[in-house]
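Heads up, the thing below is written out as structure tokens.
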Amino acid sequence: MLVEFAMQHAWLVPLLPALAFVIIVFLTRPFRKLSAIVAVGSMAVACFFATLAAYGIFTNHEYIEKPLVYATRWFSLGLPGMPDLRVDVGVQLDPVSAMMLFMVSFIATFIFLYSIGYMEGDPGYSVFFSYLSLFGASMLLLVISSNLLQMFVAWELVGLCSYLLIGFFTHKISAREAAKKAFVTCRIADFGLLLGLLALQIVFGTLNLTELAEKIEHFEEYTTFGMLTLIAVLVFIGPIGKSGQFPLHVWLPDAMEGPTPVSALIHAATMVVAGVYLVGRTMFLFHEVPSAMQLVAVTGGFTALFAATIAITQREIKRILAYSTVSQLGYMMLALGVGSLTASMFHLWTHAFFKALMFLGAGSVLHALHHKADVWEMGGLYKKMPITTWTFVIGGLAIAGIPPFAGFWSKDEILVAALNGGHYVLFAMAAFTAFLTAFYMWRMIFLAFFGEENPANHPHESPWTMTLPLVVLSVGAIGAGWLGTPWYNIWGEWIKFGHPHHGPVNYGAMLLSIVLAAAGIYLAYMLYLKDAKKKRARKMAEWFGPVYRMLYNKYYIDELYLWFNHALVDGTARLFYLFDIYVVDGIVNGIGAFARLSGDGLRVFQSGRIQNYVLIFFLGVLAVAVLMAFTGPSAASLVLGGVK
Amino acid sequence: MPAISLTHYVVLSALLFSIGLFGVLTKRNAVAVLICIELMLNAVNINLVAFSKYVTPTDFIGQIFSIFVITVAAAEVGVGLAIIIAIYRNRLSVNLDDFDWLKW
């Protein structure tokens with residue numbers, strides 16, 4: 001009864017946080033506690049409805065093949081020479097969106113709760129919660145959109161919220177710069193996506209997901225294969241930006257300038273996976289274009305390895321986590337590219353738990369150490385902050401891929417998917433990335449939480465509103481993966497594209513990933529915990545000096561972009577500047593100068609003496625007379641202006 | 001001694017006109033310039049009457065025109081002298097070289 005109500009009114013889920021946004025902005029802004037309660041309460045109720053709706057979807061088999069769509073006409077336009085533009089707006093519930101709906105609202109609820117403690121004392125407390133609510137509403141709207149245009153609107157809205165929240169500490173110049181960088185970078189990518197959507201609308205005459213899925217299945221009736229490839233690539237540009245894939249990943253690490261709950265919610269668990277989700281939603285498009293799938297896979301695999309190598313050398317706790325997020329997003333893209341929606345969504349699901357957990361743990365540490373972010377200056381925190389430490393360790397085990405924690409199952413599934421698809425190079429890259437992931441994560445954990453205490457620090461455990469989300473999320477980080485074990489894969493039954501494949505359990509890949517993870521952790525242990533003075537680690541950094549510096553400076557990608565910006569944009573601007581001052585201004589000034597100079601030249605004739613004028617006049621008449629005498633009257637009349 | 005032909009009249013007229021023009025261009029005194037203009041106008045009158053007599057002897061078009069010219073000349077002299085007197089009252093001079101205020 002209640003479940004059916006929730007399924008039929010799934011639009012309530014994004015609406016509730018949107019209402020919270022309006023209420024906080026217009027009514028409760030002066031009352032800090034009340035604003036927080038409104039935000040957390042509305043998200044909790046939304047989470048309740050989302051849970052019911054997801055329960056309804058997952059207990060009713062008919063919705064796997066046929067999504068539940070409630071849509072209405074938004075607007076329609078008749079255009080000459082084109083099919084009519086009809087845009088619907090609605091909600092689409094199927095296993096993928098139901099899972100996302102539950103995951104987003106669940107994690108958002110606990111991160112909202114965490115923010116109550118974390119943002120204590122901030123002058124923009126109420127505003128912060130209004131932004132968070134707006135973000136929650138936009139993200140949930142994105143997730144349940146039945147139409148790509150509607151999804152695009154939500155996509156831009158989450159981008160806006162991301163901008164507002166990264167730059168939340170407006171007094172920090174770095175935060176403002178990071179916000180601008182994030183917004184501009186994502187806008188570049190969104191332009192590609194918008195072009196892709198326009199092309200879809202023009203070619204297929206609809207943007208409704210279900211209709212598009214049917215039409216693209218036999219796209220030959222509408223368009224050529226080349227056009228479809230172009231559309232797929234354009235659509236993929238959007239996710240490259242939003243999900244921080246190479247080469248547009250540069251904004252994500254800088255986005256850590258925002259408050260930590262924002263990093264956890266937006267830049268780890270939810271918004272950045274929107275790109276992965278979009279590719280998953282439009283899988284019917286990519287499925288038809290093998291080259292686009294290849295592009296997705298290679299981009300993902302490369303990003304995973306690339307970001308992991310950078311993360312090894314970084315010093316700031318949130319920056320390490322940010323590169324780890326980029327790397328894990330690469331994994332998800334890789335899984336999509338090799339054709340496994342199941343593995344990708346599974347990793348998205350488990351990653352949301354353990355990465356949100358780790359960010360919140362990092363926030364707890366920063367809160368205790370008064371925003372001292374360098375892991376080399378921490379150490380021995382486990383004595384004073386037991387809950388934070390042990391939940392963080394659980395997150396570390398999960399992301400490293402140690403069974404039975406969540407990350408192991410999803411990462412293993414991606415590796416197996418790559419292997420089964422015959423992508424051996426990508427498999428090797430992903431496996432090596434798994435080793436690097438374990439290494440850099442445990443480097444951070446050993447440096448920050450274990451070893452000797454830094455006497456300059458006076459840490460303390462955080463209040464319950466901050467530790468409760470840590471505990472709840474750590475339960476997720478342990479158990480979220482049990483839904484999709486290779487032996488009993490409920491996940492694969494529900495969330496899939498096409499027919500699920502039931503290969504034999506690949507014990508070899510499983511063993512390999514455990515060995516790699518353990519090796520990574522062991523290496524980190526040897527270098528950063530056992531060797532208390534970290535002599536060997538320093539020696540290695542010296543040994544690989546140029547490589548170390550290149551990684552520490554993130555492959556100089558930012559510098560490259562700056563240089564490129566300098567060379568291309570400023571160069572073009574300089575060219576146009578020269579054109580402007582010499583050609584445009586030259587014409588205008590030239591006309592003026594011509595008038596002035598000719599005036600200068602002619603004014604000697606204006607002596608003011610009548611007799612001079614008479615003389616000139618007479619000479620003119622004489623000239624006409626002479627002309628007439630030698631050439632006849634017609635030529636003279638021509639000179640005199642055509643008078644006959 | 002040959003009879004007086006059109007050529008004689010035209011030459012006379014041209015001479016008279018040239019003398020007048022020379023005076024207009026060279027004289028400093030404004031009144032003298034006005035007198036020279038009268039010479040030029042009368043050169044025109046001679047031309048008009050002569051051509052009328054030799055080209056269209058039955059019509060009096062040239063003669064009528066010359067009467068108009070004489071009338072206009074009289075009016076012109078009246079206005080011109082008035083201007084000269086007004087300038088003289090202001091400047092105590094009728095020397096045209098002093099009258100260059102019309103330049104930029």
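Some observations on this one:
- Meets criteria (of a type outside the set (D, E, K, R), within 30 Å of A:Ala98 (Cβ to Cβ) and without any contact (Cβ under 8 Å) to a residue 24 or more places away in the chain) for A:Val583: no
- Hits in region A:74-108 - residues which are within 30 Å of A:Trp494 (Cα to Cα), touching a residue at least 60 places away in the same chain (Cβ under 8 Å) and over 21 Å from the mean Cα position of the chain (by Cα): A:Val87, A:Asp88, A:Val89, A:Gly90, A:Val91, A:Gln92, A:Leu93, A:Pro95
Residue by residue, here is whether (1) more than 18 Å from A:Phe617 (Cα to Cα); (2) part of a helix (DSSP H, G or I); (3) under 21 Å from the mean Cα position of the chain (by Cα) holds:
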| position | (1), (2), (3) |
| --- | --- |
| B:Ala14 | no, yes, yes |
| B:Val31 | yes, yes, yes |
| B:Leu34 | no, yes, yes |
| B:Asn47 | yes, yes, yes |
| B:Ile64 | yes, yes, yes |
| B:Val77 | yes, yes, yes |
| B:Ala82 | yes, yes, yes |
| B:Tyr88 | yes, yes, no |
| B:Leu102 | no, no, no |
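- When A:Tyr613 is tested against (1) more than 14 Å from chain B (Cβ to nearest Cβ); (2) modelled with pLDDT of 85 or more; (3) under 30 Å from B:Ile37 (Cα atoms), exactly one condition is not met: (1).
Condition check ((1) β-branched (Val, Ile, Thr); (2) exposed (fewer than 11 other Cβ atoms within 10 Å of the Cβ); (3) in contact with a helix residue (DSSP H, G or I) (Cβ under 6 Å, 6 or more places away or on another chain); (4) assigned to a loop (DSSP other than H, G, I, E, B)) across all residues:
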site: A:Ala480; (1), (2), (3), (4): no, no, yes, no
site: A:Val515; (1), (2), (3), (4): yes, no, no, no
site: A:Leu527; (1), (2), (3), (4): no, no, yes, no
site: A:Met540; (1), (2), (3), (4): no, no, no, no
site: A:Leu551; (1), (2), (3), (4): no, no, yes, no
site: A:Asp558; (1), (2), (3), (4): no, no, no, no
site: A:Leu562; (1), (2), (3), (4): no, no, no, no
site: A:Ala567; (1), (2), (3), (4): no, yes, no, no
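- Any hit, region A:450-461, residues being surrounded by 18 or more Cβ atoms within 10 Å (Cβ to Cβ), touching a helix residue (DSSP H, G or I) at 6+ places or on another chain (Cβ under 6 Å) and free of Cβ contacts under 8 Å to residues at least 24 places away in the same chain: no
- Any pair with Cβ under 6 angstrom, 6 or more apart, that starts in region A:146-170 at a residue that is touching a residue at least 40 places away in the same chain (Cβ under 8 Å) and ends at one that is of a type in the set (Lys, Arg) and in a helix (DSSP H, G or I): A:Gly167/A:Arg176
- Neighbours by Cβ (under 9 Å, 6+ apart or cross-chain): first from region A:205-226, surrounded by fewer than 13 Cβ atoms within 10 Å (Cβ to Cβ); second assigned to a loop (DSSP other than H, G, I, E, B): A:Phe225/A:Val289
- The set of residues in region B:16-29 being polar (S, T, N, Q) and in a helix (DSSP H, G or I) consists of B:Ser18, B:Thr26.
- Contacts under 8 angstrom Cβ, first residue in region B:89-103 being facing chain A (nearest Cβ under 10 Å), partner surrounded by fewer than 11 Cβ atoms within 10 Å (Cβ to Cβ) and outside any helix (DSSP H, G or I), 6 or more apart: none
- If you go through region A:242-268 and pick out every residue that is in a helix (DSSP H, G or I), of a type in the set (A, V, I, L, M) and out of contact with any Lys or Arg (no Cβ under 6 Å at 6 or more places or on another chain), you end up with 6.
- Each residue in region A:56-70 was checked for being under 30 Å from the mean Cα position of the chain (by Cα), surrounded by fewer than 15 Cβ atoms within 10 Å (Cβ to Cβ) and at pLDDT 75 or above, and 1 of them qualify.
- Residue check, A:Ile144 in contact with a Gly (Cβ under 9 Å, 6 or more places away or on another chain), closer than 14 Å to A:Trp11 by Cβ, at pLDDT 85 or above and β-branched (Val, Ile, Thr): yes
- So A:Arg603, is it over 39 Å from the mean Cα position of the chain (by Cα) and charged (D, E, K, R): yes
- Which listed residue is within 14 Å of chain B (Cβ to nearest Cβ) and of a type in the set (Phe, Trp, Tyr), from A:Phe579, A:Phe605, A:Phe564: A:Phe605
- Scanning region A:400-422 for residues that are within 26 Å of the chain's Cα centre (by Cα) and part of a loop (DSSP other than H, G, I, E, B) gives a single hit, A:Gly401.
- Residue among B:Thr71, B:Thr58 that alone is away from chain A (no Cβ under 14 Å), of a type in the set (Ser, Thr, Tyr) and closer than 18 Å to B:Met40 by Cβ: B:Thr71
The values are calculated or read from the model by the stated rules, or taken from the named source; none is laboratory data. Every value quoted in this text rests on a predicted model; they were computed, and no experiment measured them. Methodologically, a virtual Cβ is constructed for each residue, glycine included, from the backbone with ideal geometry; neighbour enumeration extends over all protein chains shown.
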